[in-house]
Amino acid sequence: MKEYYDHKLIEKTAQTYWESAQIYKVEEYAKNYDGSFKPKFFACSMLPYPSGKLHMGHVRNYTINDMMTRYLRMQGFNVLMPMGWDAFGMPAENAAIKSGISPYEWTRNNISYMKKQMLAMGLAIDWSREICACDPNYYKWNQWLFLKMLEHGIVYRDTQIVNWDPVDKTVLANEQVINGCGWRSGAIVEKREIPGYYLRITNYSEELIDDLNNKLQEWPDQVRIMQEKWMGKSEGLDFAFDHNILDEHGNLFQNGKLHVFTTRPDTLMGVTFCAISYEHPIAKFIARSNIEAKKFIDQCKAGGTKESELAIKERLGIDTGLVATHPITKENIAIWICNYVLMSYANGSIMGVPAHDERDFYFAAKHRINIKQVIAKNGKLFDKTQWNDWYKDTDDAYLVNSGKYNGLDCISATNEISSYITENKIGKNRTMWRLRDWSVSRQRYWGTPIPMINCDTCGTVPVPEKDLPVLLPENLIPDGNGNPLKKDEVFIKCKCPKCGNNAQRETDTMDTFVDSSWYFMRYTSPDNKNYAIDQRFNYWMPIDQYIGGIEHAVLHLLYARFWCKAMRDMGLLNIDEPIKKLLCQGMVLNHTYSRRNNLGGLEYFNSNEIETCQNENTKEIKEYKLIKDGSPVEYNGISTMSKSKNNGVDPQIIIDKFGADTARLFIIFASPPEQTLEWSEYGIEGASRYLKKLWKLCYTNRDMLLVQNKKNDKEDAFSHANENYKLLRFKLYSNLIKANHDYKRMQYNTVVSTSMKILNDIENFILKERLNNNNCYNIALKESIGILLRILYPIVPHITWNLWRHLGYHSLMGDIIEAKWPKIDPNAIIKETTRIVIQINGKLRGSFLAPSNTSEKDIKEIAIKHESISKFINGNIKRIVVVPGKLVNIVI
């Protein structure tokens, strides 16, 4: 055992042994020594995208999972902690365009580096189950499941609206559209309608929303609320405004009906306009002959279509000059085309009630449309010039300016108006969802090829299962000019499996959310070449604890839930939900810097590339510059560490300087797992000092700790324990109780603080007892350090593994990873202790600690034998007076 804490040697020694012994490889149905089966536990972190390097946000996520895995294994569980790579997607294509190497090579290089980082962190990963999304052995099953869903009617083909870059000749995601232009080319983005494949997730809407509350009680409330809002279940009224718009043949367009949906029938009498999406069939029809309408629609097509973007856009519209008829009042209602109405929700048209809907209010105010109040509250004045939140409230509200419905409360008015609409066959009650079927077609190269063939004779034909996987070429290098698969004749050309004629492969690839929707299932059966999952799935699934960021609360987790239910309905598995318990760890934040490039896109820079310029007088930072060329950059505040914003901190720097255990200890101690953490290196050296202190204490006392105490020696030590030893044991087991509680509730930061208290208590004990080098002293150290090492092991496995072996614990209890978790000694834990003062003839001569329930007889005996007074009494005791809980007065 070296005298000083050498983190490089310590961590290399531990990792070499762990790898050679394959101690993290897990088998199903593992048994205890007595032959009983260990309970299983599937602990899974969301798999990373291999973007190049891990950052401290990854370290936090995986260390949390690692702590849980090690702790539960010591508790007797058979724990699976696997790892994989979410390896498809646009970043690899963008990197290829920039670097000139294929996405495959870029991705594989990154995986190699990031895996080395994970190994350096000492994570307890079963690498025999590693999966990678761009491996044909994995994406073959994406394709197989796609074909099975096609057989069961879950997959279908339809058209979709996409962002098209006319220069790069590629489809852009919404986030790649900046101010209506392509992020790389700067060209004005067009909206195009192209065919694609969809999954019927809407078939599962009711079950997905019901199970949120019925089966996912151990998920964070925030996540369940986010999913519920995303699915957007609305109970309301679906009805039509009549109109007289004629098509080119002189027939009523859409049968003379403009359908709308509302959750507020009580406001129907306040409608002053109707708004339709620029994608609505009526809008497209009008644009054929109305030049202004066509210009407005072209303007609307620029930019993304996300609701978050539409919410902050200026609310624009154009009056079509056409009208519809109010279903009750029969008044003419103007029809407007508006940029804030989504074709994807309801019918792509809304009834405009500006007095009681905030979006409609501002739109009407801008375009001088009448604002008609129909909901009122006592004591509240309605002001057409300013929006107030009470305008949309229904509590204690009643109808005004609504004819025969005046005076009704909102619920009664809703019921009566709905009854009128349904009884007169104008509309019907309906449940509406914001959730739309999942478009899985991506007009990109680096993804799972969709296993379909396009034949001029037979149409679209599925690839036969025996021909899977459809291999993605790994040597193509995108140049930014469209999907390179379209130019690869070797990939495209094939024979139709039905008629045998020449045909073409589908060049669209799957949305990368397909890869991540079921990858955790593949962990259970990673080596099965004949089936996506096998009987091992039934042992491990569902996941007992899933860990990942809140940013995946909706799409990834919702799609994973849907995918599980779809596989269940196809007879492939027998569970309803894939994840029992979810932890969304807090994000690690860091400073962000950027500037616009000459094409209008944002380029981000790491903080180590930035220098700050201060005002000489005020010392305030006046500007930020790039170190390499002095050019200015913008400071964007703090945001989540990510590759996309280039604000990650490479843990390798900390590992090289201080060690992986220091990095782990620091990131765990810095904040509770679920709370956001703003990155700061303050505290890293403190974590390192703590580990050095632990090592020094163990090294200094190594000879005493190596003493093999016999059982009767231990019992003798307990029976003759002095006050210092009793106090140490009381504090030790009190802290063990707290550590147990914090481990179970995953408040790992307080486990660190508890371990620090234990080390301080041991040091204080040594200071008081070091001159009494006896058997009791040795046993006290061995007991307390043995417990401390086990508490610390899940957090800092390298140093504790080494110390456990150096100090001989492994010969008594086995390797620390298999060592039993320490049990509470009830004799050491007394809720209350009292310091009893010893007097001789009324003069203070000493004191001792005793449990509050110690009998008077035992108190007398302890006082007589106390070492501080024996020299005074010499057996001449006349009487002993005990004041319970306070003092003993010996009269001599």
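So what's the net charge close to HIS55: Lys and Arg +1, Asp and Glu -1, counting the other residues with Cβ under 12 Å from its Cβ?
+3
With contacts defined as alpha carbon pairs under 8 Å and 6 or more residues apart, what's the relative contact order of the chain in percent?
Reported as a whole number, the value is 14 percent.
Please name whichever of ILE824, GLY586, ASN406 sits farthest to the positive end of the charge dipole of the chain, dipole taken about the Cα centre and charges placed at Cβ: Lys and Arg +1, Asp and Glu -1.
Towards the positive end, the residue furthest out is ILE824.
Give me TYR139, TYR17 sorted ascending by neighbouring Cβ count inside 10 Å, so fewest comes first.
TYR17, TYR139
Using only the Cα atoms of region 56-150, what do you get for the radius of gyration and for Dmax, in Å?
16.5, 51
With the dipole of the chain worked out from charges on the C-beta (+1 for Lys and Arg, -1 for Asp and Glu) around the Cα centre, which of ILE667, ASN32, LEU252 lies farthest toward the positive end?
Working it through, the farthest residue towards the positive pole turns out to be ASN32.
According to the square roots a ≥ b ≥ c of the eigenvalues of the Cα gyration tensor, what is the shape class of region 588-640, taking rounded for a/c under 1.5, prolate for a/b larger than b/c otherwise, and oblate for the remainder?
Since a/c reaches 1.5 but b/c is at least a/b, the shape of region 588-640 is classed as oblate.
How much net charge surrounds GLU634 when only the other residues with a Cβ under 12 Å from the Cβ of GLU634 are counted, with Lys and Arg +1 and Asp and Glu -1?
Here the count lands on +1.
Amide H of TRP438: which non-local residues (sequence gap of 5 or more, or other chain) have their own amide H closer than 5 Å, using H built in the peptide plane?
Those qualifying (amide H under 5 Å, at least 5 residues apart or on another chain) are LEU199, ILE201, THR202.
Please state the charge dipole magnitude for region 234-432, taken about the Cα centre, from unit charges on C-beta atoms (+1 on K and R, -1 on D and E), reported in debye and rounded to the nearest 20.
Using Cβ point charges on Lys, Arg, Asp and Glu, region 234-432 gives about 420 debye.
For region 588-640, what does the relative contact order come out to in percent, with C-alpha contacts under 8 Å and a separation of six or more?
Across region 588-640, relative contact order equals 42 percent.
Quick one: putting +1 on the C-beta of Lys and Arg, -1 on the C-beta of Asp and Glu, what dipole do you get for the chain around its Cα centre, in Debye to the nearest 20?
That gives the chain a dipole magnitude of about 2840 debye.
For every helix of n ≥ 4 consecutive DSSP H residues, a contribution of -39,500 (n - 2.57) applies; sum these over the chain, divide by its total residues, and give [θ] at 222 nm rounded to the nearest 500 deg cm²/dmol.
-11000 deg cm²/dmol
Can you sort ASP515, ASP242 so the residue with the fewest Cβ neighbours within 10 Å comes first?
ASP242, ASP515
So for each of 804-814, 603-613, 36-46, 274-284 I average, over its residues, the number of other beta carbons within 10 Å; can you give me the resulting order with the highest mean first?
Going by the mean number of other Cβ atoms within 10 Å, highest first, we get 274-284, 36-46, 804-814, 603-613.
In sequence order, what are the phi-derived ³J(HN,Hα) couplings for region 753-758 according to the Karplus relation 6.51 cos²θ - 1.76 cosθ + 1.60 with θ = phi - 60°, rounded to whole Hz, with x for glycine and proline?
5, 5, 5, 5, 5, 4
Given a cut-off of under 8 Å on Cα pairs at least six residues apart, what relative contact order in percent is computed for region 110-226?
The value is 20 percent.
Charges at C-beta only: +1 for Lys and Arg, -1 for Asp and Glu. How large is the resulting dipole of region 481-593 about its Cα centre, in Debye rounded to 20?
Dipole size: approximately 320 debye.
In whole Hz and in residue order, list the ³J(HN,Hα) couplings for region 575-589 that follow from phi through the Karplus curve 6.51 cos²θ - 1.76 cosθ + 1.60, θ = phi - 60°; x for Gly and Pro.
Once θ is set to phi - 60°, the couplings for region 575-589 become 10, 8, 10, x, 9, 6, 10, 10, 10, 9, 5, x, 6, 8, 9 Hz.
Among the listed pairs LYS191/LYS487; LYS115/LYS643; LYS301/LYS366; LYS768/LYS878; LYS116/LYS823; LYS696/LYS865, which have their C-alpha atoms separated by more than 26 angstrom in this model?
LYS768/LYS878; LYS116/LYS823; LYS696/LYS865
Within 13 Å, Cβ to Cβ, of LEU472, how many net charges do the neighbouring residues add up to if Lys/Arg are +1 and Asp/Glu are -1?
Neighbourhood net charge equals -3.
Using 0.36 nm per residue, how much length does the chain from GLU678 to ARG368 gain when fully extended, once their Cα-Cα distance is taken away?
Contour length minus Cα-Cα distance gives 106.9 nm.
For a quick protection proxy, order the peptides 730-743, 65-78 by their average other-Cβ count within 10 Å, most packed first.
Going by the mean number of other Cβ atoms within 10 Å, highest first, we get 65-78, 730-743.
Would you please give the residues with an amide H less than 5 Å from that of GLY648, counting only those at least 5 places away or on a separate chain, with H modeled from the backbone geometry?
The list, which skips near neighbours in sequence, is SER642.
5 Å is the cut-off here: which amide hydrogens, built 1.01 Å from N in the peptide plane, fall below it relative to ARG430, excluding neighbours closer than 5 in sequence?
Counting only residues 5 or more places away or on other chains, the set is GLY236, LEU237, ASP238.
Of SER680, ALA293, LEU803, whose Cα points farthest to the positive end of the dipole of the chain (charges on the beta-carbon: +1 Lys, Arg; -1 Asp, Glu; origin at the Cα centre)?
Positive-most Cα among the choices belongs to LEU803.
What are the ³J(HN,Hα) couplings of region 132-147, residue after residue, when phi is run through the Karplus curve with 6.51, -1.76, 1.60 and θ = phi - 60°? Round to Hz, x for glycine and proline.
So the J values, rounded to whole Hz, are 9, 4, 8, 7, x, 5, 9, 6, 3, 7, 4, 5, 4, 5, 4, 5.
FYI, it's all coordinate maths here, none of it is from the lab. Here the structure is a predicted model, which is why all the values come from computation and not from measurement. Positions of Cβ are backbone-derived with ideal geometry, glycine not excepted, and every protein chain shown enters the neighbour counts.
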